[in-house]
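**Student:** What follows is a structure written as structure tokens; I'll ask about it next.
The values are calculated or read from the model by the stated rules, or taken from the named source; none is laboratory data. Computed from a predicted model, the values in this text were never measured in an experiment. Cβ placement follows ideal geometry from the backbone for every residue including glycine, while neighbour counts extend to all protein chains displayed. Ligands, DNA and RNA are stripped out before the accessible areas are found, and what is left, the full protein with its side chains, is counted by its heavy atoms. Shrake-Rupley method; radii C 1.70, N 1.55, O 1.52, S 1.80 Å.
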Amino acid sequence: MMGMGRIIRSGERVALSHYHLDAEQWSAMLSAPGATLPLISCWADDARAYVLLLEGDRPLLTSTAVEERRYLAPSSRFAGAEWGERVAYDLYGVEAMDAHGNGASALDEGGWTSTWPLSSRPGPAAGGLRPLAGSHLLRPEQTGLSGPLELSFEVRKGKVRSVEVCAGGAHRGVVSRLLGRTPEEAMPLVSRMTAGGFVAHPLAFARAVAQARGLVPGPGIRDVWMVLLEIERMSLHLFDMARTARGVDAELLATHCDHAREAIARACAEQGVSRRLMDMVTCDGFRDGLEIVPLAQAVHAVMQPRLAALEELHRVFASRLDGFAVLDVRLAERFAVGGVSGRASGRSMDMRRREAGMRLEALRATGSSQGDARAREGLRLAEIRDSLKLLERILGSIGLEDDEPAPDRTDEGIGVAEGARGDVWYWVRLKDGRIESLHVRDPGVSLLPVLGAMLRGYPISRVPAALGSIGISPAGIAL
Amino acid sequence: MKAVQRTGPLSLLYAFMDATRGRASVNGEIPRRERPIGLYILETGGCEGCFMEVESLNGSAFALEQAGFVCVSDPADADWLLLTGAVTRVCAEMLDRVWRAMPPGRSLIAVGACAVDGGPFPAGYATLGGLQALTPVRRAIPGCPPAPQEILHALEELARV
Ligand code: SF4
């Protein structure tokens with residue numbers, strides 16, 4: 001009996017890590033004996049259904065044809081696939097057969113100009129907004145998040161029992177806007193995918209495009225990308241830490257986080273780059289005129305002296321976060337939850353570790369694996385310390401050669417960047433130099449299936465504080 | 001199971017008829033305010049960059065309150081609605097609801113390119129393309145995103161007129 005990985009590899013290899021399966025192979029893969037490979041993402045369009053899996057720390061993509069707008073549901077095996085199936089139905093009208101879950105809309109709340117807007121055969125507009133189900137609601141403006149996310153709850157005795165998420169309010173139709181563009185034309189929009197990844201999203205996209213074109217960025221480019229990503233990591237960790245601190249009235253810690261984040265932004269601006277590093281990453285490297293060494297030095301100089309005070313204040317207030325919004329490691333493994341939330345629960349996945357040229361000795365962050373808000377907050381701090389070390393190491397050996405072989409050009413590529421809020425993935429297929437197909441997986445998506453478990457037992461009034469400590473971007477989830 | 005009925009985007013056209021009515025002008029001088037101007041911030045489907053900059057402005061690194069403003073968590077306490085994001089068709093309902101909950105004399109300010117005309121997310125199947133699709137936008141703070149300091153300066157300017 002073949003395991004999942006071998007079944008996938010028995011299909012037709014169409015790109016570096018992508019195998020086409022026929023309907024029979026697809027079905028066999030979904031019922032393969034043995035371990036289930038962790039699912040990173042699931043999506044479908046008019047023509048094919050895809051699952052992106054992790055084998056060790058390597059991506060493995062497989063897909064099958066969609067026939068008569070139907071395909072056998074990946075969620076019959078991968079519980080985390082449900083969100084992608086619902087999105088595929090909303091955008092393309094393709095249906096997952098034998099799907100797990102209730103099939104509620106993920107994005108389409110009514111009000112769009114058509115149903116299945118990305119389908120080759122879109123349906124008529126549904127008219128007004130659909131009524132929202134659920135006994136209790138948290139309105140999109142009440143979640144404490146940076147963007148609109150509709151949460152409805154089943155509640156018993158005033159405590160959350162389960163959660164339904166609808167992200168339609170944040171959906172801007174990004175994928176439809178990117179199809180048909182060259183990667184270079186697409187990049188400005190990719191750079192505004194979410195403020196939770198002004199660097200991570202374009203970087204994952206640039207890596208996917210490079211792989212599709214059969215290119216490997218040189219060590220100089222690679223190091224610049226790493227520096228930008230670490231600066232973003234520190235800045236976003238500080239943002240999420242400030243929010244978490246305010247959620248438990250730790251105003252003093254929040255104040256220090258605010259000042260540190262602003263100091264980083266000013267250091268960037270003084271070095272002639274945008275405060276939040278927007279538009280720095282390009283498809284083949286980085287923006288002209290970017291002087292990475294003085295930028296890294298300036299950010300290091302403003303951040304390093306602030307770390308001790310942040311750590312001290314964290315020690316003072318951390319007990320307020322004890323046992324709050326816990327993510328169990330089994331759930332983190334099952335749903336491939338990455339980023340701080342995954343690692344703070346004990347799932348030690350960090351996609352930076354597989355990057356060529358990574359200075360692994362700088363990545364030391366360990367800490368509690370309790371999976372609660374305290375563990376997440378502590379890990380964010382530890383990761384800021386690591387980011388500073390990484391900047392030092394990169395500055396000490398910037399652009400040092402190594403020999404990473406270039407992949408064959410297949411016009412298809414997968415890119416990943418370990419952003420502050422987790423692993424951001426892009427898959428892109430080019431045709432005649434333009435984007436024919438594209439998928440984006442923001443790390444927030446992997447948190448959706450575990451939210452219910454993390455929030456269970458709390459009154460709804462505590463939900464915004466919990467969400468703040470998890471760090472979710474509705475814009476990234478909804479696209 | 002309770003179901004919440006919702007209004008559609010078009011009801012906004014009515015709701016915004018009075019959106020452009022300004023606050024009382026005092027010939028360019030800074031008005032003497034008895035209380036700070038209440039700001040309610042609403043994200044309606046952008047990349048969240050503008051929203052996060054307003055949140056930073058409301059944090060400890062900027063003197064928002066010294067400048068005469070206070071961020072409020074209930075639209076009923078708000079004088080100005082600071083809108084960020086491209087106004088998705090779904091969010092139009094939320095915008096309508098928040099706007100109606102504000103007291104008379106309210107003002108609407110578009111923060112960032114998205115809120116004005118959709119910025120990188122112009123009108124599409126899911127987006128209306130910023131406030132411009134609903135009402136003439138007279139109070140806008142450009143940028144993608146504007147820095148907190150720029151937002152603060154613009155708010156101070158708007159408070160003067
Ligand atoms: S204006 Fe720019 S920064 Fe602001 S929400 Fe829109 S895309 Fe994001």
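**Student:** Going by the structure shown, is A:GLU184 closer than 30 Å to B:ALA63 by Cβ and modelled with pLDDT of 95 or more? Step through it out loud before you land on a result.
**Tutor:** Details: closer than 30 Å to B:ALA63 by Cβ: no; modelled with pLDDT of 95 or more: yes.
So A:GLU184 fails the test.
**Student:** While we're here: For the range B:133-146, how many residues meet the condition of being over 24 Å from B:ILE37 (Cα atoms) and more than 9 Å from chain A (Cβ to nearest Cβ)?
**Tutor:** 2
**Student:** Scan the range B:148-158 residue by residue and report those that are open to solvent by 50 Å² or more (accessible area, probe 1.4 Å) and within 16 Å of the ligand (Cβ to nearest atom).
**Tutor:** First pass over the range B:148-158, keeping only residues open to solvent by 50 Å² or more (accessible area, probe 1.4 Å): B:149-150, B:153, B:156-157.
Result: B:GLN149, B:GLU150.
**Student:** Do the conditions hold for B:VAL161, that is, is it on the phi < 0 side of the Ramachandran plot, aliphatic (A, V, I, L, M), open to solvent by 10 Å² or more (accessible area, probe 1.4 Å) and out of contact with any strand residue (DSSP E or B) (no Cβ under 6 Å at 6 or more places or on another chain)?
**Tutor:** yes
**Student:** Sticking with this structure for a sec: Residue by residue through the range A:324-338, note down the ones that are open to solvent by less than 40 Å² (accessible area, probe 1.4 Å) and over 17 Å from A:GLY56 (Cα atoms). Before you say what the answer is, go through the steps one by one.
**Tutor:** Of all residues in the range A:324-338, those open to solvent by less than 40 Å² (accessible area, probe 1.4 Å) come to A:324-325, A:327, A:332, A:335-338.
Answer for the range A:324-338, where residues must be open to solvent by less than 40 Å² (accessible area, probe 1.4 Å) and over 17 Å from A:GLY56 (Cα atoms): A:PHE324, A:ALA325, A:LEU327.
**Student:** Further, regarding this structure: With the condition kept exactly as written, say whether any residue in the range A:434-444 is within 14 Å of chain B (Cβ to nearest Cβ), away from the ligand (no atom under 16 Å from the Cβ), under 30 Å from A:LYS159 (Cα atoms) and in a loop (DSSP other than H, G, I, E, B).
**Tutor:** Checked against the condition, which is being within 14 Å of chain B (Cβ to nearest Cβ), away from the ligand (no atom under 16 Å from the Cβ), under 30 Å from A:LYS159 (Cα atoms) and in a loop (DSSP other than H, G, I, E, B), the range A:434-444 yields no hits at all.
**Student:** Given (1) within 12 Å of the ligand (Cβ to nearest atom); (2) more than 9 Å from chain A (Cβ to nearest Cβ), where does B:ASN58 come up short, assuming only one miss?
**Tutor:** (1)
**Student:** Looking only at residues that are surrounded by 24 or more Cβ atoms within 10 Å (Cβ to Cβ) and closer than 29 Å to A:THR115 by Cβ in the range A:175-195, which one is nearest to the ligand (Cβ to nearest atom)?
**Tutor:** Checked the range A:175-195; the qualifying residue nearest to the ligand (Cβ to nearest atom) is A:ARG192.
**Student:** Only residues that are open to solvent by less than 40 Å² (accessible area, probe 1.4 Å) and either at pLDDT below 95 or of a type in the set (Phe, Trp, Tyr) (or both): list them for the range A:55-74, please.
**Tutor:** A:TYR71
**Student:** Here is a further query. Could you tell me which residue of the range B:91-115 is nearest to the ligand (Cβ to nearest atom), considering only residues that are over 21 Å from B:CYS71 (Cβ atoms) and open to solvent by 10 Å² or more (accessible area, probe 1.4 Å)?
**Tutor:** Ranking the candidates gives B:ALA113 first.
**Student:** For the range A:111-119, indicate whether the set of residues that are open to solvent by 50 Å² or more (accessible area, probe 1.4 Å), farther than 20 Å from A:ARG334 by Cα and either in contact with a Ser or Thr (Cβ under 9 Å, 6 or more places away or on another chain) or without any contact (Cβ under 8 Å) to a residue 24 or more places away in the chain (or both) is non-empty.
**Tutor:** Within the range A:111-119 (the criterion being open to solvent by 50 Å² or more (accessible area, probe 1.4 Å), farther than 20 Å from A:ARG334 by Cα and either in contact with a Ser or Thr (Cβ under 9 Å, 6 or more places away or on another chain) or without any contact (Cβ under 8 Å) to a residue 24 or more places away in the chain (or both)), the answer is yes, since at least one residue qualifies.
**Student:** How many of the residues making up the range A:251-297 are more than 14 Å from every other protein chain (Cβ to nearest Cβ) and at positive phi?
**Tutor:** The qualifying residues number 3.
**Student:** Also, I was wondering about something else. Being touching a residue at least 60 places away in the same chain (Cβ under 8 Å) and not in a loop (DSSP other than H, G, I, E, B) is the filter here, so list the residues in the range B:102-130 that pass it.
**Tutor:** B:SER107, B:LEU108, B:VAL111, B:CYS114, B:ALA115, B:THR127
**Student:** Moving to a separate point now. Among the residues of the range A:253-265, is any open to solvent by less than 20 Å² (accessible area, probe 1.4 Å), touching an Asp or Glu at 6+ places or on another chain (Cβ under 6 Å) and either within 26 Å of A:GLY396 (Cβ to Cβ) or not polar (S, T, N, Q) (or both)?
**Tutor:** No: zero hits.
**Student:** For a quick check of your reading: which helices (runs of 4 or more DSSP H) sit entirely within the range A:203-309 and have at least 2 residues that are without any contact (Cβ under 8 Å) to a residue 40 or more places away in the chain and of a type in the set (Gly, Ala, Ser)?
**Tutor:** Values: elements: A:219-247, A:251-270, A:292-303.
Answer list for the range A:203-309: A:251-270, A:292-303.
**Student:** In the list A:ALA382, A:ALA466, which residue meets the criterion of being open to solvent by less than 10 Å² (accessible area, probe 1.4 Å) and either without any contact (Cβ under 8 Å) to a residue 24 or more places away in the chain or in a helix (DSSP H, G or I) (or both)? Steps first, please.
**Tutor:** On the way: A:ALA382 fails: open to solvent by less than 10 Å² (accessible area, probe 1.4 Å).
Only one candidate passes the filter, namely A:ALA466.
**Student:** Name every residue in the range A:97-108 that is open to solvent by 20 Å² or more (accessible area, probe 1.4 Å) and either aliphatic (A, V, I, L, M) or more than 20 Å from A:PHE335 (Cβ to Cβ) (or both), in order of residue number.
**Tutor:** A:MET97, A:ALA99, A:ALA104, A:SER105
**Student:** What number of residues within the range B:126-147 are surrounded by fewer than 19 Cβ atoms within 10 Å (Cβ to Cβ) and more than 14 Å from the ligand (Cβ to nearest atom)?
**Tutor:** The total comes to 3.
**Student:** Also: Please tell me if A:ALA417 is in contact with a Gly (Cβ under 9 Å, 6 or more places away or on another chain) and not in a loop (DSSP other than H, G, I, E, B).
**Tutor:** In short, yes.
**Student:** Hey, another quick one. Does any residue of the range B:66-83 turn out to be more than 14 Å from the chain's Cα centre (by Cα) and free of Cβ contacts under 8 Å to residues at least 12 places away in the same chain?
**Tutor:** Scanning the range B:66-83 turns up at least one residue that is more than 14 Å from the chain's Cα centre (by Cα) and free of Cβ contacts under 8 Å to residues at least 12 places away in the same chain.
**Student:** Restricting to the range A:145-161, and then to whatever is closer than 18 Å to A:ALA104 by Cβ and in contact with a Phe, Trp or Tyr (Cβ under 8 Å, 6 or more places away or on another chain), can you tell me which residue is farthest from the other protein chains (Cβ to nearest Cβ)? Quick ask: steps written out before the conclusion?
**Tutor:** Initial filter on the range A:145-161 (closer than 18 Å to A:ALA104 by Cβ): A:148-155, A:160-161.
When the remaining residues are screened for being in contact with a Phe, Trp or Tyr (Cβ under 8 Å, 6 or more places away or on another chain), the result is A:160-161.
Numbers: A:VAL160: 16, A:ARG161: 13 Å.
Of everything passing the filter in the range A:145-161, A:VAL160 is farthest from the other protein chains (Cβ to nearest Cβ).
**Student:** Moving on. On the given criteria, is A:GLY371 surrounded by fewer than 18 Cβ atoms within 10 Å (Cβ to Cβ) and either assigned to a loop (DSSP other than H, G, I, E, B) or over 22 Å from the mean Cα position of the chain (by Cα) (or both)?
**Tutor:** no
**Student:** Now, a different point. Residues to consider are A:ALA44, A:ALA35; find the one that is buried (at least 18 other Cβ atoms within 10 Å of the Cβ), assigned by TED's automatic domain parsing to the domain that holds A:TRP83 and either touching a residue at least 12 places away in the same chain (Cβ under 8 Å) or not hydrophobic (A, V, I, L, M, F, W, C) (or both).
**Tutor:** A:ALA44
**Student:** Whether any residue in the range A:167-180 is under 24 Å from A:LEU277 (Cβ atoms), assigned to a loop (DSSP other than H, G, I, E, B) and touching a residue at least 40 places away in the same chain (Cβ under 8 Å) is what I want to check.
**Tutor:** Scanning the range A:167-180, I find at least one residue that is under 24 Å from A:LEU277 (Cβ atoms), assigned to a loop (DSSP other than H, G, I, E, B) and touching a residue at least 40 places away in the same chain (Cβ under 8 Å), so the answer is yes.
**Student:** Test of understanding: among A:ALA356, A:ALA296, A:ALA318, A:ALA365, which residue is open to solvent by less than 10 Å² (accessible area, probe 1.4 Å) and at pLDDT below 95?
**Tutor:** A:ALA318
**Student:** Then there's this: Only residues in the range B:37-53 that are within 12 Å of B:LEU108 (Cα to Cα) and within 7 Å of chain A (Cβ to nearest Cβ) count as the first member; pair them with residues that are more than 8 Å from the ligand (Cβ to nearest atom) and open to solvent by less than 10 Å² (accessible area, probe 1.4 Å), Cβ under 7 angstrom, at least 6 apart or cross-chain, and list the lot.
**Tutor:** From the range B:37-53, the pairs are B:LEU42/B:LEU81; B:LEU42/B:LEU83; B:LEU42/B:LEU95; B:LEU42/B:VAL98.
**Student:** When you scan the range A:120-150, how many residues do you find that are free of Cβ contacts under 8 Å to residues at least 60 places away in the same chain, small (Gly, Ala, Ser) and open to solvent by 50 Å² or more (accessible area, probe 1.4 Å)?
**Tutor:** Within the range A:120-150, residues that are free of Cβ contacts under 8 Å to residues at least 60 places away in the same chain, small (Gly, Ala, Ser) and open to solvent by 50 Å² or more (accessible area, probe 1.4 Å) number 3.
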